[in-house]
Amino acid sequence: MIHLLNISNLKKSYSEKQVLKGVNLNVKKGEILGFVGANGAGKTTTLNIITGMLDYESGVVEINGLNQTAGLDYKKQYFFIPDTVNVFKNVSGLDWIHFLMNLYEIEENNKLEEYVQVFQMQESIDKPIGTYSYGMLHKMSLIAAFTINPPIIIMDEPLNGLDPNAVVVFKDLIKSYVDQGGTVIFSTHLLDIAEKICTTVAILKGGKIILHDEIKNITGSKSLESIFMEA
Ligand SMILES: Nc1ncnc2c1ncn2[C@@H]1O[C@H](COP(=O)(O)OP(=O)(O)OP(=O)(O)O)[C@@H](O)[C@H]1O
């Protein structure tokens, strides 16, 4: 079976320290994967490698059968929301989203306006990005991600900074995005929320994926938090 995201034997070191020691992770179309692990386990490192922000020593990283040598064709397979959204401060959120839509060759569509409203960004989306709070930057990125509607949305700690209303919107939009053929991978420490949103979970420990399965198979009568603590 062809997986949407295929990571095989991925290795990465910073100076002398090997952080990823042969990560294997295959994500199927339609998964909402919660990527979890202790502080410093290497989640951000893995996501930054998948999204071409960071080099790696060896291994295979493919989305839809393409690797990073495919350039823009690879880039168009995903939308990445990093933990810290660092973008040009002197344009409005709306201009930034339009810029991204152009890059992904997405026609203007009424989804953009709909998502601006559900994330309650009507008042701010025309304001310069430099005036946004941390949570507003994440909301802007989520609006862009769902409007662009790529094969996979990859997010590093997307729940950080979101207010309770935005978390509910996030959950609903992820479900409908996946119902329409999308796939999601996101890292989080908020296991109670992950348990409610995700269909699968992968635990990174000791530089490897030690568990990747459907939430319902691994939790049973236990919470994801207790499974994580046992791992
Ligand atoms: N640029 C860097 N140079 C050296 N070491 C780094 C660098 N970036 C990360 N590391 C180290 O690599 C390890 C993995 O870091 P990473 O940020 O990927 O972990 P994480 O699982 O995302 O952690 P957290 O949950 O705390 O965000 C850590 O030990 C970290 O100190």
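Every read-out reported here was derived from the displayed coordinates using simple, explicitly stated rules and does not represent laboratory data. Computed from a predicted model, the values in this text were never measured in an experiment. Heads up, the Cβs are rebuilt from the backbone with ideal geometry, glycines too, and the neighbour counts pull from every protein chain shown.
Of the residues Ile125, Ile97, Ile106, only one is in a helix (DSSP H, G or I) and either of a type in the set (A, V, I, L, M) or within 16 Å of the ligand (Cβ to nearest atom) (or both); which?
Exactly one of Ile125, Ile97, Ile106 is in a helix (DSSP H, G or I) and either of a type in the set (A, V, I, L, M) or within 16 Å of the ligand (Cβ to nearest atom) (or both), namely Ile97.
Here is a yes/no grid of residues against (1) within 13 Å of the chain's Cα centre (by Cα); (2) free of Cβ contacts under 8 Å to residues at least 60 places away in the same chain:
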{"position": "Ala166", "(1), (2)": "no, yes"}
{"position": "Asp179", "(1), (2)": "no, yes"}
{"position": "Ser187", "(1), (2)": "yes, no"}
{"position": "Ala202", "(1), (2)": "no, no"}
{"position": "Gly207", "(1), (2)": "no, no"}
{"position": "Asp213", "(1), (2)": "no, yes"}
{"position": "Gly220", "(1), (2)": "no, yes"}
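Report, ordered by the first and then the second residue, all pairs with beta carbons closer than 9 Å, sequence separation of six or more or different chains, a first member in the range 16-28 that is under 18 Å from Val184 (Cα atoms) and away from the ligand (no atom under 15 Å from the Cβ), and a second member that is of a type in the set (Lys, Arg) and assigned to a strand (DSSP E or B).
Asn24/Lys208
Checking Leu103 against (1) more than 22 Å from Ser187 (Cα to Cα); (2) out of contact with any His (no Cβ under 9 Å at 6 or more places or on another chain); (3) free of Cβ contacts under 8 Å to residues at least 40 places away in the same chain; (4) buried (at least 19 other Cβ atoms within 10 Å of the Cβ), only one condition comes out false. Which one?
(4)
I'd like the full set of residues that are buried (at least 20 other Cβ atoms within 10 Å of the Cβ) and either without any contact (Cβ under 8 Å) to a residue 12 or more places away in the chain or touching a Lys or Arg at 6+ places or on another chain (Cβ under 6 Å) (or both), limited to the range 130-157.
Once the filter is applied, which keeps residues that are buried (at least 20 other Cβ atoms within 10 Å of the Cβ) and either without any contact (Cβ under 8 Å) to a residue 12 or more places away in the chain or touching a Lys or Arg at 6+ places or on another chain (Cβ under 6 Å) (or both), the range 130-157 yields only Thr147.
Quick check: is even one residue across the range 106-115 closer than 27 Å to Ile63 by Cβ and either among the hydroxyl-bearing types (Ser, Thr, Tyr) or touching a Leu at 6+ places or on another chain (Cβ under 7 Å) (or both)?
yes
Can you find a residue that is among the β-branched types (Val, Ile, Thr), outside any loop (DSSP other than H, G, I, E, B) and crowded, with 18+ Cβ neighbours inside 10 Å anywhere in the range 47-54?
Checking the range 47-54: at least one residue is among the β-branched types (Val, Ile, Thr), outside any loop (DSSP other than H, G, I, E, B) and crowded, with 18+ Cβ neighbours inside 10 Å.
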